[in-house]
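Asker: Pasting in a structure now, in structure tokens, and then I'll have a few things to ask.
The values are calculated or read from the model by the stated rules, or taken from the named source; none is laboratory data. This one's a predicted model, so the numbers in the text were calculated from it and none came from an experiment. Calculation scope for accessible area: heavy atoms of the full protein, side chains included, ligands and nucleic acids excluded. Shrake-Rupley method; radii C 1.70, N 1.55, O 1.52, S 1.80 Å.
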Amino acid sequence: MNEFVLRTRITQFSTISEFAQHFQPDEQDCILTSRFLTNIFQIPQLIGIPRMIAEDYGQGEPTDQMIDAMRRDLPASVRRLIAVGGGTILDIAKFLSLDYSGTLDDCLMGKVKYKRARDLIVIPTTCGTGSEVTNVAIAELVKRKMKKGLADDSLYPSQAVLIPQLINSLPYKVFATSSIDALIHAVESFLSPQATVYSRLFSTAAIRLILLGYRQIEIDGKDSWPALAEDFLLASNYAGIAFGNAGCAAVHALSYPLGGAYHIPHGEANQLLFEAVCRKYEQCDPCGRLAELKQLLSEILQTPVKQSLQALYTLMNYVLKRRPLCEYGVRWDELESFADNVIAGQQRLLKNSCVPLNKADMLEIYQSIYNQ
Ligand SMILES: [Fe+2]
């Protein structure tokens, strides 16, 4: 059995200048980023380095059309792709690091072979996805009206560069949704049947850092989070390493329809489902893996084991208030189709749930968060 894999070299710098000094970018590199981040590259070492801006090719989450157009414009001579941004930029960069004939649709539908074409260096600017250390990328196939993911070892970034200074200026809402996402990566990988003693080390460290950080923010106020930027960036990275090995599970699977149909931000959609999924786990198997999580939470949050999950929900709700599903415009009569879609398309995630969930369980979960 494969116990643990970490293929990406991780380095940390205080500033983007330090990064540039170490990596010495030149005209054979290409920086891929978002328009609102371009001001961070105004340093002498990065002037003249070829650059691609994702928004020049489309808005929002990555689509095959955006990526096809970017591939056409990406010079064949590019040796290293330097991706600086959140989940969208990192996913685009992973696809652009591959070489294949035809379109991304051909590639994702298995019609053509692909291989790694260039080195990929990633610098995350949010504290959530953990994508800088995983082998997964997701894009929307526009004509098919579906999201499709690729999980393959050729997608591992060769280098992940952590620069806490870059996340200091995130708006609070982005900090909250991304750190909640990281916490859920950590919890889902902790509970996963695929977890190993190694992956659990990272899950546990991420849960601890994030919850102690949230507790501090509760004391010092929501504006105080940038003082803990390094902790949250590290925790997101640890959680990425953990779920890259043990997988995410039902929370992520059930949140897919909410992101796809209603464009609810990924971390927020996960937060909507987290408590309801955990309650279902507790109802079905109170003595299973969830009992170990409760023990860990009790120790971190200094609460009795019996109340530790409730203490977690309360803390998460302080960081990002959970709203009922009906407030997002979701219709009650759609919930059954959400459950069907999850069963049809998300087995990759569902297999990592610590309690197998059937359609009736999923429908009950969606219904339980509809009005409250
Ligand atoms: Fe996630």
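Asker: Can you compute 3J(HN,Hα) from phi for each residue in region 173-181, using the Karplus curve 6.51 cos²θ - 1.76 cosθ + 1.60 with θ = phi - 60°, rounded to whole Hz and x for Gly and Pro?
Answerer: My calculation for region 173-181 gives 4, 5, 4, 5, 5, 6, 6, 5, 4 Hz in order.
Asker: Here's something else I'd like to know. Classify region 1-114 as rounded, prolate or oblate, taking a ≥ b ≥ c as the square roots of the eigenvalues of its Cα gyration tensor: rounded when a/c is under 1.5, otherwise prolate if a/b is larger than b/c and oblate if not.
Answerer: oblate
Asker: Then there's this: Mind pulling the angle between the C-alpha long axis of helix 308-319 and the longest principal axis of the chain? Nearest 10 degrees, somewhere in 0 to 90.
Answerer: 50 degrees
Asker: Report, for the chain, the % of DSSP beta bridges that are antiparallel, rounded to 5.
Answerer: That works out to approximately 30 percent antiparallel.
Asker: In whole percent, how big is the carbon plus sulfur part of the accessible area of region 169-368, probe 1.4 Å, protein atoms only?
Answerer: After summing per-atom areas, the C and S share lands at 54 percent.
Asker: Counting only heavy atoms of protein chains, what accessible area per residue, in Å², does the chain have with a probe of 1.4 Å?
Answerer: 42 Å²
Asker: I'd like the Kirkwood hydrodynamic radius of the chain, using the inverse of the mean 1/r over distinct C-alpha pairs, in Å.
Answerer: 21.1 Å
Asker: I would also like to ask the following. Just by accessible area at a 1.4 angstrom probe, what is the order of H252, H263 from largest to smallest?
Answerer: Greatest to least solvent exposure: H263, H252.
Asker: Just to verify a number: what accessible area does E268 come out at with the full protein assembly present, 1.4 Å probe, Å² rounded to tens?
Answerer: Ignoring ligands and nucleic acids, E268 comes out at about 10 Å².
Asker: To the nearest 10 square angstrom, how much accessible area does H266 have with a 1.4 angstrom probe?
Answerer: 80 Å²
Asker: Determine which lysines satisfy two conditions relative to K306: a Cα distance under 25 Å, and not lying fewer than 8 residues away in the same chain.
Answerer: Of all the lysines, those that pass the test against K306 - Cα under 25 Å, at least 8 places apart if same chain - are K280, K294, K321.
Asker: Further, regarding this structure: Once ligands and nucleic acids are excluded and a 1.4 Å probe is used, how much of Y318 is accessible, expressed in Å² to the nearest 10?
Answerer: The value for Y318 is about 70 Å².
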